[in-house]
Amino acid sequence: MKSRYLSALLIAAAGLSGAASLSSIPVFAQEHAAVEERGPAATRTAVIAAIDAYRTAVVKADRSGLDAAFHPDLSYGHTDGAVLGKNEQIDRTLAPGKRFTAVDIADASVRSYGNVAYVTASWTFHLSKDDGTTSTARLSGLDVWTKGSRGWQLIARQLTRPAQ
């Protein structure tokens, strides 16, 4: 509701100020280009190690490993629109009736700025359910990792289905 109100307010303000309306501003889709990495190689290595620890915790259904991987202020955005905090995401990952058999990552690009690193990547989540069915989700994502007293931790993630 707030976003609709804010959008209406911005459109009204644009009209009152004589500026072009937001709907008249052209938007152009662009091809995905490789993201140039930024930051020290040691930071990249440490962030990738943290990602690998997260992947291992998911596959092993390791609650303490997920607790270590996730920052207390985690915001985890799913393709179904759910945005979960740390405890909700751990519970969703470890929900009964299913388990992750593998979590693959490809095309990871790390851009670091001090104690913050942005990671774009392609993810493949392999899932097995208790009823014997399996599924695979191929997703693109943006992660934000932050370094604190517990090392590198995931503080934000947004996953999306890649364009067809």
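Computed quantities for the displayed model
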| read-out | value |
| --- | --- |
| Solvent-accessible surface ranking, highest first, for Leu74, Leu94 at 1.4 angstrom | Leu94, Leu74 |
| Heavy-atom SASA rank of Phe100, Phe70 (probe 1.4 Å, accessible area, largest first) | Phe100, Phe70 |
| Local electrostatic count at Val110 - Lys and Arg +1, Asp and Glu -1, tallied over other residues with Cβ under 11 Å | 0 |
| Heavy-atom accessible area ranking, 1.4 Å probe, most first, across Thr93, Thr133 | Thr133, Thr93 |
| Average accessible area per residue (Å²) across the stretch 102-144 - probe 1.4 Å, nucleic acids and ligands excluded | 49 |
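The values are calculated or read from the model by the stated rules, or taken from the named source; none is laboratory data. Because the structure is predicted, anything quoted here is derived from the model rather than measured. Cβ coordinates were reconstructed from backbone atoms using ideal geometry, including for glycine residues, and neighbour counts include every protein chain displayed. Surface accessibility is based on the protein's heavy atoms, side chains included, excluding ligands, DNA and RNA. Shrake-Rupley method; radii C 1.70, N 1.55, O 1.52, S 1.80 Å.
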